[in-house]
Every structure is written in C-alpha cells, then in structure tokens.
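The values are calculated or read from the model by the stated rules, or taken from the named source; none is laboratory data. The model shown is predicted, which means the values in this text are computed figures rather than measured ones. Positions of Cβ are backbone-derived with ideal geometry, glycine not excepted, and every protein chain shown enters the neighbour counts. The area values use the complete protein model at the heavy-atom level, side chains included, leaving out ligands, DNA and RNA. Shrake-Rupley method; radii C 1.70, N 1.55, O 1.52, S 1.80 Å.
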Amino acid sequence: RGAGHKIAQGYAAIKQIAGGAQHFAAVHQSGALYTWGLGSGGRLGLDITENGDPRADATRPTVVQALASTPVLTTACGYSHMACVTTSRDLYVWGSAASGKLGLGLAAKEEECYASLPVHLPLRPKNRPLLRTVSCGAAHTAATTTDGELFVWGCGDGGRLGLGREGLATHWSPRRVDALFEAGHRIGDVSCGNA
C-alpha cells in the first residue's frame, strides 16, 4: 500500500470538455464556459473585450463573457460552430451559420454569415421545451429536450437529420423529428457526426 491518492485541484473543477475542428470548450463546475483555439467565423464566442476582435484566436482558455451571468450545463463543438445548454435549459449557438447549422432561419441563407457572440435560439417560442443536450456536427446541429423530443437543423445531405425524404435539403430552422416522437420514442441524448 502506498500513499493515499491526491487529486489535483485544477482539472477537478472542469466537468466537460468538447472539441471541434480547431477549437475547444470547457465547462467549469461553476457554469463558466471557456473556449480556445482558432477564432475564425466567431466560433469561440469571444466578444470585442477579448483583444478587440471577435474572430481572433485564443491560445489559452478564455471565459465567454456573453454567458458570464448564465451558467452553462453542457456544450458542443462542430466544425466551425458551437452551442451550449444553460442551467435554465436554454439553447445558445454561435460561429459559422453556413448550411443552416446555427438554426437562425432564412436570413443566414441569403449571405455567408456568422454569429460572433452566443445567440439564444428558442425552439418553439409558444410552448418552450426545456433543453437537455446539444450536439454539433460539421454542418448540422441537434438538441434533445427534457420531454424526450429531438430537434435537428442544418445540412440534410444523406438523411443525417432523420426527417425522411423532405429532410434531405438544408433546414435553416430547428425541426422536431416527428417520426420518433409519434412512435412513442423519447430521446435522452444525441451525437452528431461529421458526415
């Protein structure tokens, strides 16, 4: 028997790490969200207080100031975008809006655009479900609710959104995967790939 185990204090405070193509995020146990890596397209969510350029790279973990007063529960990184669910079960997205992966509607279709700061994305404004998880793929995003619903948006190539034949196109706003919900299936988690 050797000496008792010691747990380092620094990493113990991080409850989740997510990685994208060239960027990363970490959720601290306090709910603070840190991002670092390549900043192009606003994928880090760092505002102009971070060296004056929301597209600047960050060589070390940096707090996303726009969410400083909103504790984060979980986060996800895609190829060039990110998303998070807060402790109040709201969804925020930022980064590249190409292929509809931010779910911001048809405005993102007209021009190549990005959101350099986290944007609140309500799934259904009138009957708002509480968010559970979120996942980002290369060109699409998916989220689950506490009611077991699955919402998807972005590029539908290859059927990756699960919306049937009509889902092969790009969906610029979140859509519920009705086939699963109507069949009585409740989804607890989701994971998007890069296909």
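A few comments on the model shown:
- In order along region 25-30, the phi-based Karplus estimate (6.51 cos²θ - 1.76 cosθ + 1.60, θ = phi - 60°) of 3J(HN,Hα) comes to 9, 9, 9, 7, 4, 6 Hz; Gly and Pro are listed as x.
- Candidates Ala138, Ala183, Ala169, ranked by Gaussian network fluctuation over the chain, Cα under 10 Å, top entry: Ala183
- Label-point separation, Asn127 to Leu180 (7 Å along Cα→Cβ), nm: 1.8 nm
- Taking a ≥ b ≥ c as the square roots of the eigenvalues of the alpha-carbon gyration tensor, the chain is classed oblate because a/c is 1.5 or more while a/b is no larger than b/c.
- Split the accessible area of the chain by element, probe 1.4 Å, and carbon with sulfur accounts for 50%.
- Summarising the amide proton neighbourhood of Ala56: residues at separation of 5 or more, or on other chains, whose placed amide H is nearer than 5 Å comprise an empty set.
- Take every Cα pair under 8 Å whose residues are at least 6 apart in sequence, average their separation, divide by the length of the chain, and the relative contact order is 16 percent.
- Three-way shape call for region 41-120 based on the alpha-carbon gyration tensor, with the a/c threshold at 1.5: oblate
- Calculated mean residue ellipticity, 222 nm, the chain: -1000 deg cm²/dmol, from DSSP H runs (n ≥ 4) at -39500 (n - 2.57) each, averaged per residue and rounded to 500.
- Gaussian network model of the chain, springs between alpha carbon atoms under 10 Å - residue of Cys113, Cys155, Cys84 with greatest fluctuation: Cys113
- In the full protein context, the chain carries 51 Å² of accessible surface per residue, based on a 1.4 Å probe and ignoring ligands, DNA and RNA.
- Selected from Leu163, Leu46, Leu106 as most flexible by GNM, with the chain as the system and alpha-carbon contacts under 10 Å: Leu106
- Region 124-171: C-alpha gyration tensor shape, a/c 1.5 cut-off, then a/b vs b/c: prolate
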